[in-house]
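The values are calculated or read from the model by the stated rules, or taken from the named source; none is laboratory data. Just so it is clear, the model here is predicted, and its values are computed rather than measured. Glycine also receives a Cβ, built like all others from the backbone with ideal geometry; neighbour counts cover every protein chain displayed.
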């Protein structure tokens, strides 16, 4: 799906009017309308859109159908069942979502390293608190 | 009241590590690619781990550490609307971190 159509679809799914989304982006409604007609925004705007809709920039651009940022993390951990299981547990915890949110922008190697460190940290803390 | 104090941080940043360990916040450095500057995570036991990229210069490491501490103190669910846009949270953490460091350096 091309960029403009995907942006409009995401906006409608979030039940936002053009004006409401434009306000979130600090741009004019007419500028947003231009984006929905296919005009490409700046990279900074794409990152803001990615944060607002919680999807990857590539998804907004229509370059992939991998929608959720978490999917990117799961893909990076796909060859390590233990880390994948840990990630699934962590992803259920609301208090952790903010900390993991940015991971999706990273390379698979870095994601793996971070989730591994998080797992070791969790295990050490569990042990420190008596198991 | 200084910004650092209002967030619960020590006004003397030389004592930051000491303060962190008293608050169950572990700070460590790690070699990452430069795509990642810092990272924070929370255990199930309300303790935090903050990792700073060792490949950054000292001043940047201080800024990134403060940025992550602002997230922990101000943006953790319960102390902040969790559905606030991530972009706003990052911007706020950058701005507050810079101001705290500036205040501390006099």
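Okay, residues lined up against (1) surrounded by fewer than 17 Cβ atoms within 10 Å (Cβ to Cβ); (2) closer than 30 Å to residue A:118 by Cβ; (3) not assigned by TED's automatic domain parsing to the domain that holds residue A:106:
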residue: A:9; (1), (2), (3): yes, no, yes
residue: A:17; (1), (2), (3): yes, no, yes
residue: A:22; (1), (2), (3): no, no, yes
residue: A:36; (1), (2), (3): no, no, yes
residue: A:43; (1), (2), (3): yes, yes, yes
residue: A:81; (1), (2), (3): yes, yes, no
residue: A:85; (1), (2), (3): yes, yes, no
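Scanning the range B:1-37 for residues being in contact (Cβ under 8 Å) with a residue 24 or more places away in the chain and part of a helix (DSSP H, G or I) gives a total of 5. Scanning the range A:70-106 for residues that are out of contact with any helix residue (DSSP H, G or I) (no Cβ under 8 Å at 6 or more places or on another chain), modelled with pLDDT of 85 or more and assigned to a loop (DSSP other than H, G, I, E, B) returns a single hit, A:79. Residue A:67 versus (1) touching a helix residue (DSSP H, G or I) at 6+ places or on another chain (Cβ under 7 Å); (2) surrounded by fewer than 20 Cβ atoms within 10 Å (Cβ to Cβ); (3) at pLDDT 90 or above: which is the lone unmet condition? With (1) touching a helix residue (DSSP H, G or I) at 6+ places or on another chain (Cβ under 7 Å); (2) surrounded by fewer than 20 Cβ atoms within 10 Å (Cβ to Cβ); (3) at pLDDT 90 or above applied to residue A:67, the lone miss is (3). Scoring residue B:63 on the criteria (1) within 11 Å of the chain's Cα centre (by Cα); (2) at pLDDT 90 or above; (3) assigned to a loop (DSSP other than H, G, I, E, B) leaves a single failure, condition (3).
Considering the conditions (1) away from chain A (no Cβ under 11 Å); (2) part of a strand (DSSP E or B); (3) surrounded by fewer than 18 Cβ atoms within 10 Å (Cβ to Cβ), residue B:52 is excluded by exactly one of them, (3).
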